[in-house]
Amino acid sequence: MDGSEKNSVVCQYINKISYKDALSIQSRAYEQIKLSKGSGGYLFLLEHYPVITNGRFGNDENFVLPVSQIEKLGIEVYKSDRGGDITYHGPGQLVAYPIIDLRAFNLGVKAYIASLEEVLINLLSDFAINSYRREGYPGVWTDTEKIASIGVSVKNGITMHGVALNVSTDLDSFSLIVPCGISDVRVTSMERVLDTQVPMEDVVKSFIKNFGTVFNAYVNKENGPA
């Protein structure tokens, strides 16, 4: 983000929450920003209970098993209005939902996605993990494996949905789908790359720090809209 004036973003860490409940929280934050037309925003950091979501451009053929069988495994399945293809969310994965007005941050959609990637790349660098972008595939990669996914929606200039970073995620759950709709993609996690446990609290702190830097924002750890 260009410019010296900083926006203020309210950050809330929710721990584990269902995908449905997280959608409700995002929607309420979206409506508040839409009505206020202010320069602030919200950043929700959380872990989801096991869920597979399919984006606007997702193909149902990317389910390896019938949805009914997946649901019997205790994994919810949702069709989402975010961009991107199919992905898995679950415990051990840090999900970040920034709800901001891009106009207040002087960002277009492509620049916004690039900024999210930069946050993730800088975060991973904090843990001595080298990562990079892959042209045409939003998200972040390390070596030949994908470690973070991005899927957003923008309505009236206001963002919803966001990023998912595999910290200590159960990677076997990705075998139920073709991750991101890429047939040859392999998924990894920070824990697997480092071969050691990574405290989620440390990852959250790094995300908040890097988000503030990249988006030139004050990130205030308070309660967001209830």
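The values are calculated or read from the model by the stated rules, or taken from the named source; none is laboratory data. Treat the numbers as computed from the prediction; the structure is a model and nothing was measured. Counting neighbours? That spans all protein chains shown, and the Cβs are built from the backbone with ideal geometry, glycine included.
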Next item on the list: Residue by residue through segment 53-65, note down the ones that are at pLDDT 80 or above and assigned to a helix (DSSP H, G or I).
Entry: none
Next item on the list: Count, please, the residues in segment 116-140 that happen to be modelled with pLDDT of 95 or more, buried (at least 19 other Cβ atoms within 10 Å of the Cβ) and within 15 Å of the chain's Cα centre (by Cα).
Entry: 8
Checklist line | Residues of segment 163-200 that turn out to be closer than 19 Å to H89 by Cα, modelled with pLDDT of 95 or more and of a type in the set (D, E, K, R), as a count | finding: 2
Notebook entry, point to check: Within segment 66-97, can you find the residues that are closer than 16 Å to A22 by Cβ, in a strand (DSSP E or B) and in contact (Cβ under 8 Å) with a residue 40 or more places away in the chain?
Noted result: E76, Y78, T87, Y88, H89, Q93, L94, V95, A96, Y97
Next item on the list: Can you tell me which residue among A114, A104 is of a type outside the set (S, T, N, Q), closer than 30 Å to E5 by Cα and in a loop (DSSP other than H, G, I, E, B)?
Entry: A104
Check: Taking segment 86-108 only, how many residues are within 16 Å of G162 (Cα to Cα), at pLDDT 95 or above and under 15 Å from the mean Cα position of the chain (by Cα)?
Finding: 8
Next item on the list: Examine segment 33-47 for a residue that is surrounded by 19 or more Cβ atoms within 10 Å (Cβ to Cβ), touching an Asp or Glu at 6+ places or on another chain (Cβ under 8 Å) and at pLDDT 80 or above, and state whether such a residue exists.
Entry: yes
Next item on the list: Could you pull out the residue among N122, N166, N130, N106 that is under 24 Å from Q32 (Cβ atoms) and not aliphatic (A, V, I, L, M)?
Entry: N106
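Taking the stated definitions as given, is I147 in contact with a Ser or Thr (Cβ under 8 Å, 6 or more places away or on another chain) and of a type outside the set (S, T, Y)?
Yes.
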